[in-house]
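Step one of this worksheet: look at the structure below.
The values are calculated or read from the model by the stated rules, or taken from the named source; none is laboratory data. All values derive from a computational prediction rather than experimental measurement. Here the Cβ positions follow ideal geometry from the backbone for every residue, glycine too, while neighbour counts run over all protein chains shown. All accessible areas refer to the heavy atoms of the entire protein, side chains included, with ligands and DNA or RNA removed. Shrake-Rupley method; radii C 1.70, N 1.55, O 1.52, S 1.80 Å.
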Amino acid sequence: MPAFILTCLALLLMAWLIGQPYLLERKRRAIRAQAFPAAWRAILQRRVPYFRALPADLQLQLKRHIQVFLAEKAFVGCDGLEVTDEMRVTIAAQACLLILNRPADYYPALTQILVYPRPFVVKRGHTDEAGVAHNGHQVLSGESWSQGQVILSWQDTLDGAATPDDGHNVVIHEFAHQLDQATGAANGAPALARRAHYARWSAVLGAEFEALQARTVRRQDTLFSDYGATDPAEFFAVISEVFFEQPQRMAAEHPALYQELRAFYQLDPLSW
């Protein structure tokens with residue numbers, strides 16, 4: 001009898017595991033089939049210039065992604081901030097820009113977005129070359145955790161959205177980290193469509209990362225923020241910002257890198 005019960009439980013578990021993706025996608029289809037609220041559309045028009053630039057098919061796709069994203073992710077206000085639909089829609093629109101034309105997992109590890117009214121302070125510790133531990137504080141506009149959280153400054157989110165061609169966008173930056181962290185710790189190598197693509201990805205991004213580090217040491221002007229020279233994970237997030245915000249310059253000055261991101265994101269911002 002115990003063996004029979006164990007067998008039944010195992011079969012039930014298998015049935016749940018097999019049926020869960022189907023049930024989730026069925027729920028998402030129902031959400032995407034709902035009418036997009038007029039108030040949300042007004043927020044997109046007012047706060048998200050990217051939306052106005054997209055062709056009609058991508059606008060429709062983005063709106064459907066926003067509906068699912070907002071149905072599945074929790075938003076938490078910090079430091080007394082009361083989260084509004086304007087905040088939720090503005091953040092969701094920029095986050096979902098990165099998953100257009102891609103298999104829409106909607107950042108499966110992400111459960112909540114914490115929103116501060118302005119840049120926030122975090123404690124940071126490090127050990128120097130002599131082995132001495134140092135404690136300090138750092139002011140951030142955003143942060144991405146592999147444990148299911150993205151933290152954003154609302155003021156920096158607004159500023160990043162309002163100027164869509166300056167190469168700086170905190171939401172794109174942090175959600176690029178989320179894509180990177182889907183394969184484990186962020187290392188600048190997100191999940192690519194095919195295993196064979198990693199060799200070229202590594203070669204192109206590795207060479208560009210080293211070039212940025214060299215230009216940063218020499219204090220030369222560059223298209224990419226010096227912060228991208230910190231490590232490969234930050235490099236991927238920084239170049240993702242530029243890919244969406246300054247595609248013309250990136251394609252002209254770094255054509256191989258632009259093509260790698262175009263293939264990864266399955267989008268061509270040059271055509272918008």
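Side notes on the structure shown:
- Computed from Cα atoms, the angle from the helix 170-181 axis to the main principal axis of the chain rounds to 60 degrees.
- Other residues with beta-carbon under 14 Å from the beta-carbon of Ala185 carry, at +1 per Lys or Arg and -1 per Asp or Glu, a net charge of -3.
- If the segment from Asp165 to Asn101 were pulled out straight at 0.36 nm per residue, it would be longer than the present Cα-Cα gap by 20.9 nm.
- To the nearest ten degrees, helix 85-97 and the longest principal axis of the Cα atoms of the chain are 80 degrees apart.
- What the phi angles of segment 73-81 give under the Karplus curve with 6.51, -1.76 and 1.60, with θ = phi - 60°, is a coupling list of 10, 8, 10, 10, x, 10, 6, x, 6 Hz, glycine and proline written as x.
- Surface composition of the chain: carbon plus sulfur atoms hold 55% of the accessible area, using a 1.4 angstrom probe and ignoring ligands, DNA and RNA.
- Spacing of the two label points (7 Å from each Cα toward its C-beta) at Leu24 and Ala214, in nm: 4.4
- Cut-off 11 Å between beta-carbons: net charge of the residues surrounding Ala176, Lys and Arg +1, Asp and Glu -1: -4
- Hydrodynamic radius (Kirkwood) for the chain, which is based on Cα pairs only, to one decimal in Å: 20.3
- Highest average first, the peptides 236-249, 213-226 ordered by how many other beta carbon atoms sit within 10 Å of their residues are 236-249, 213-226.
- Placing a label point 7 Å from the Cα of Thr111 along the Cα-to-Cβ direction, the residues of segment 146-189 whose backbone N falls under 14 Å from that point are 146-150.
- Spin-label pair Ala33-Asp231: with each label point 7 Å from Cα along the Cα-Cβ axis, the two points sit 4.5 nm from one another.
- Reported to the nearest whole Å, the Cα centre-to-centre distance from segment 203-257 to segment 83-112 is 25.
- Modelled label positions at Arg46 and Glu72, each set 7 Å beyond Cα in the direction of Cβ, lie 2.8 nm from each other.
- Accessible area per residue, Å², the chain with all protein chains present, probe 1.4 Å: 53
- In degrees, nearest ten, helix 2-33 long axis to first principal axis of the chain (Cα): 60
- The Cβ shell under 11 Å around Gly228 holds other residues with a net charge of -4, Lys and Arg each +1, Asp and Glu each -1.
- Secondary-structure-derived ellipticity at 222 nm for the chain, considering helices only, amounts to -18000 deg cm²/dmol, per-run term -39500 (n - 2.57) for DSSP H runs with n ≥ 4.
- Comparing Arg194, Arg32, Arg102 in a Gaussian network model of the chain (Cα springs below 10 Å), the most mobile by mean-square fluctuation is Arg194.
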